Amino acid sequence: MPPADEGTKERKRAKAEKRALATEGEARPSKKRKADGADGADGPAKPAPAAAGAEARVTRRSSHDKDKERELRGDLADDARGDPALALENFRLSVDTVKALRARGVVALFPIQAATFDMILDGADLIGRARTGMGKTLAFALPMVERIYKVKGDDASARARGRGPLALVMAPTRELAQQVGREVEGISPTVTLLCVYGGAPMGPQVSALRAGIDVLVGTPGRIKDHMERETLKLTSVRFATLDEADQMLDMGFADDMSAILGSCTHAERQTCLFSATMPAWVRDVAPKYMRPNPKVVDLVGDVAVKASEDVRHVAIPSHWSTRASTINDVISMYAGPSARAIVFCETKAECDDLITSDALKYDAKALHGDIPQATREKTMAAFRSGKVRVLIATDVAARGLDVKIDLVVQNKPPIKKMSGKPEVETYVHRSGRTGRAGKKGVCVTLFGPRDRPILQQIEKQTKNTFEWLAAPNPKSLLKTASETAATDAAAVDASVAALFARAAQSLLDAKHGDAVAAISAALAVATGTSEAPQTRSLLSNSDGYVTLHASMGKDVPNTSYVWGALRRVLPEGTTDGTDNVRGMQLTADGRGAVFDVKESFLEQLRATLDKRDWLHVCDEALPKLVERDFEPRPFGGGGGRGGGRGGGGGRGGFGSPGGRGGGGGRGGFSPSGGRGGGGRGGGGRGGRGSFRGR
């Protein structure tokens, strides 16, 4: 809004007084500040950005986005109504801010917002921690906006053309930066905001900076680019926030963070850090950027990392060869045709492989670092509108998705590359894409045999109880699909159904008047089922295998005991080699084991199964299995299966004394850096390297 001239000051003052009186009995200073300083505090009118430069500004949200936001906030808003202490009227919010919040369906603050509001508004440096989806963005945005109103009302230079930003918000990803921008604009449309990130043209951003802005939101890389081009000066920044601080302060961002925050030289600069996780090293590094004794608000507690309790955490075994089909089945079972799902892969190549797999039947889009920015924004727009319901993404999308997600799928547990230890913080952020703002969600993590101990460690460290389930079996999927098809068919209008009456009669005649057979055939076609489903293992989710449970009725010391019993009772040839019987694991009760057998051997086993009551097929669910001890994975992978001259042997573990070769595979690297000799094993596992590194 243009500056007020002398002829309009009285009218504006009267308008401000009217606003103040509108909130009866209120005597909060910040409301008066807003009333006095909001009108006429924006400096010269913002020039309309050119169409080509529209991406420089955060776009206004559509009515569709607002409807989705109201839905997302619904449950917590209901809870807040039951807690008068969280009502908006109890906080020093300006009249316009309250009006904007209520227009979005917000009638009360979330706990993290309420706990930090006064501290931030009063100028304290603060470290805030709350679970993903609990409103951390507004926790810093609300007091930030109120402080901007105050500064602009008191300082004419803060309203001048070409002014530098009063507030700086840094985020690790483009998507999160855009989300923050939308949140800030949603509560204060009069604040001039610029969102900068890589992949967008520099020109429109430079033009906006020259015109003057109040809030700069962006990724460290693009912010630093502007600093180096001397198109951005940060000496006016009084409010700096690091969103998702655990990643922002990671070593990969440390240099950029030092350069950017080092340029924010205003004597009154306030710094806030917010995140869902807060590793100990973050608190160690934080003092470098903050004033002494910052306030700490931690709504997660003493637990090192805590995933959302509104999320159902499911772990499903899956062989690598059937991973794509398993993901397709998981989406069908846990999300359905109208829900949104996001599948996280470790690498861009895995995303591309999955998106092009024939086993994935859904119309999905990829989202990773190699996707052009324009394409990424189109993909996200289609995902928000519901035109695309499945995203295949790397962690570039783990932070910043502001869309209601019903299902999160991880194609494997997140693992630290160098140490092989579980990446617990990554799991928390990924699973936190669903179950937001009080809504329920599901996170399914697929794992192979070697991944089970890693996932068990994540379960222990997050203090969340996982459901260890088998992959959706074909019969269950068909049941779900047929029930959905039947429900949809029952809802078809009679006038529409009449158009198919002649064909229906022909089908009934073809089935000799058997109505159930005719409808069953129609449902089979409707669900795309043309042949009986293939048998699938509950243990490994491998096609063509059946899972058997050997319940011995007494304590079983090890799998060798079960192998001996099997050799005595199974038909000859069944246990000769790992291709026929594989993947044996002990049950948690210590009295049996489960294992896979080729489906082709099942008929040979029928007589044995009928005679032995301790051996039976697992049709519906697996018994609980014994937990394996966690051992960090060596860098470069372990040795392969032995035999012969070590075919398939991998490099040994990084830092091991010679490394574990795989049946004659290469030894590992020793601590002193020399290469170990070849592994000695043969026939079974590879032995340790025969030489120590020099």
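Each value in this text was obtained by applying a stated rule to the coordinates, not by laboratory testing. Nothing here was measured: the structure is a model prediction, and the numbers come from that model. Ideal geometry is used to build each Cβ from the backbone, glycine not excepted, and the neighbour counts take in all protein chains shown.
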Checklist entry - Here are some pairs, 295/416; 152/224; 440/460; 99/440; which of them have Cα atoms lying more than 23 Å apart in this structure? => result 295/416; 152/224; 99/440
Item to check | Computed FRET value (nearest 0.05) for residue 604 with residue 487, which takes r as the C-beta separation and R₀ as 45 Å | outcome: 0.60
Checklist entry - What's log10 of I(q)/I(0) for the range 468-529 at q = 0.17, 0.18, 0.26 Å⁻¹, Debye sum over Cα points only, no solvent? => result -0.66, -0.72, -1.16
Next on the checklist: How large is the translational diffusion coefficient of the range 349-454 in µm² per second when you combine the Kirkwood radius over alpha carbon pairs with Stokes-Einstein at 20 °C and 1.002 mPa s?
Outcome noted: 144
Item to check | Residue-span extension gain [residue 266 to residue 627] - 0.36 nm each, minus C-alpha spacing | outcome: 124.5 nm
Item to check | the range 82-227 - charge dipole about Cα centre, Lys and Arg +1 at Cβ, Asp and Glu -1, debye rounded to 20 | outcome: 400
Item to check | Fully extended contour minus Cα-Cα distance, from residue 255 to residue 529, at 0.36 nm per residue | outcome: 93.0 nm
Checklist outcome for this item: Sorted on mean Cβ neighbours within 10 Å (highest first), peptides 137-144, 486-493, 617-624, 587-594 come out as 137-144, 587-594, 617-624, 486-493
Checklist entry - For the range 434-571, what is the convex hull volume of its Cα atoms per residue in Å³? => result 222
Checklist entry - Among the listed pairs 150/404; 348/421; 348/378; 348/417, which are separated by more than 23 Å between their Cα atoms? => result 150/404
Item to check | Peptides 531-539, 408-416, 271-279 ordered by average Cβ neighbours within 10 Å, highest first | outcome: 271-279, 408-416, 531-539
Checklist outcome for this item: Phi angles of the range 514-529, converted by Karplus (6.51 cos²θ - 1.76 cosθ + 1.60, θ = phi - 60°) into ³J(HN,Hα) in whole Hz with x for Gly and Pro, give 7, 5, 5, 5, 5, 5, 4, 5, 5, 5, 4, 5, 5, 8, x, 9
Item to check | Sites residue 155 and residue 378, calculated FRET efficiency, Cβ-Cβ separation with R0 41 Å, nearest 0.05 | outcome: 0.50
Item to check | For the range 294-396, convex hull of alpha carbons as volume per residue, Å³ | outcome: 171
